[in-house]
1. Out of Tyr186, Tyr154, Tyr191, Tyr195, I need the residue that is in contact with a strand residue (DSSP E or B) (Cβ under 7 Å, 6 or more places away or on another chain) and at pLDDT below 90. Which one?
2. Asn159 passes all but one of (1) modelled with pLDDT of 95 or more; (2) part of a loop (DSSP other than H, G, I, E, B); which number fails?
3. Output the residues belonging to the range 166-180 that are in a loop (DSSP other than H, G, I, E, B) and under 11 Å from Asn203 (Cα atoms).
4. Any idea which of (1) without any contact (Cβ under 8 Å) to a residue 60 or more places away in the chain; (2) farther than 22 Å from Met258 by Cα; (3) open to solvent by 10 Å² or more (accessible area, probe 1.4 Å) is the one Lys64 doesn't satisfy?
5. Which ones in the range 14-61 are open to solvent by 80 Å² or more (accessible area, probe 1.4 Å), touching a Leu at 6+ places or on another chain (Cβ under 8 Å) and not in a helix (DSSP H, G or I)?
6. Is at least one residue of the range 100-116 of a type in the set (S, T, N, Q), part of a helix (DSSP H, G or I) and under 17 Å from Val57 (Cα atoms)?
7. Tell me yes or no: at least one residue of the range 133-145 is surrounded by fewer than 19 Cβ atoms within 10 Å (Cβ to Cβ) and touching a helix residue (DSSP H, G or I) at 6+ places or on another chain (Cβ under 7 Å).
8. Which residue pairs have Cβ atoms closer than 7 Å, lie 6 or more positions apart in sequence or on different chains, and pair a first residue in the range 71-95 that is without any contact (Cβ under 8 Å) to a residue 40 or more places away in the chain with a second residue that is assigned to a helix (DSSP H, G or I) and open to solvent by 80 Å² or more (accessible area, probe 1.4 Å)?
Amino acid sequence: MNANFQTTGIILQKKPFGENDLLISFLSPELGLKKAIAPNGRLYKSTLRGRTELLMVNDFFLIKGRNLDRILQIEGQISYGQLNSNIGKLTISQYLAELVLHLAHEQPQKELYMLFLEHLRRIDSLTDNEQLFAYLAQAVFHLLAISGIAPEIYHCVHNQRQIQPNFEQPYWRVGFTFQGGGVTEYVKSSYSSHYYQINDHLNAVELALLQSLPKPSLLSDLREIIPFNCDDLVIQKSWMRIERILKNYLEFHLDCKMRSAEVIADILIGF
């Protein structure tokens, strides 16, 4: 690589570095996860200051450093204007940025990059705040799927039998195991060496919604998969449950703590 180089990327994180600098972490389709210094990026008059905000897509012009590359210039490309003006959208976008930071590697990751931008675009253009949990859940599932660690949601991880939501029995449940990697017909924890620990449970509505997430986009009419007697409040609470389960699942598999997720429920409940 030449001493000076250029790449496009979306900013995932920024931290103070030294007295006046910023440490910028961004995802590039060609280079993967990159960390670089923005010299004097914390100074009010810095030419880089206004272009180092989270979730901005930029062209970065850098110079190769011994340990960390240094940013010479930034030219803005894409800014998601509605994210900063809506606390709910901003919160879940920051959550997704934190997840991508855990999933990204220092190698080309064009698919992860494009998928992340697509979900940011969907959230940015969303007009119904009640759907924020649903959009967040699908974005998380898609990001886990493209990284190869999405849970199995169609077949029992113990016996590989297909599991379909049972709306006829009101107390019907399936288990969810983090260690086993998905849903199971077994609903009680077992300490036998043949079974994984059950970490949570899903009812029929929750499983039906979870099984709809791999589709390219959210279903416009949930009545295709959920009975008509299921009201909107039940669906909303089900999306919240799914988001929590996916959050706990990814924390288990990535061995991390999602700091952004800690405030999700408190902020989004009022939307």
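The values are calculated or read from the model by the stated rules, or taken from the named source; none is laboratory data. Since this is a predicted model, take the numbers as computed values, not measurements. Heads up, the Cβs are rebuilt from the backbone with ideal geometry, glycines too, and the neighbour counts pull from every protein chain shown. The protein model used for the area step is the full one, side chains on, heavy atoms only, and it has no ligands, DNA or RNA in it. Shrake-Rupley method; radii C 1.70, N 1.55, O 1.52, S 1.80 Å.
1. Numbers: Tyr154 fails: at pLDDT below 90; Tyr191 fails: in contact with a strand residue (DSSP E or B) (Cβ under 7 Å, 6 or more places away or on another chain); Tyr195 fails: in contact with a strand residue (DSSP E or B) (Cβ under 7 Å, 6 or more places away or on another chain).
Matching residue, one of Tyr186, Tyr154, Tyr191, Tyr195: Tyr186.
2. Of (1) modelled with pLDDT of 95 or more; (2) part of a loop (DSSP other than H, G, I, E, B), only one is false for Asn159: (1).
3. Asn166, Phe167, Gln169, Pro170, Tyr171, Trp172, Arg173
4. Failed condition: (1).
5. Lys15, Pro16, Phe17, Lys35, Arg42, listed by residue number.
6. Checking the range 100-116: not a single residue is of a type in the set (S, T, N, Q), part of a helix (DSSP H, G or I) and under 17 Å from Val57 (Cα atoms).
7. Pass one, the range 133-145, residues surrounded by fewer than 19 Cβ atoms within 10 Å (Cβ to Cβ): 145.
Keeping just the survivors that are touching a helix residue (DSSP H, G or I) at 6+ places or on another chain (Cβ under 7 Å) gives none.
No, there is no match, as no residue in the range 133-145 is surrounded by fewer than 19 Cβ atoms within 10 Å (Cβ to Cβ) and touching a helix residue (DSSP H, G or I) at 6+ places or on another chain (Cβ under 7 Å).
8. Ile74/Arg51; Gly76/Arg51; Leu90/Asn84
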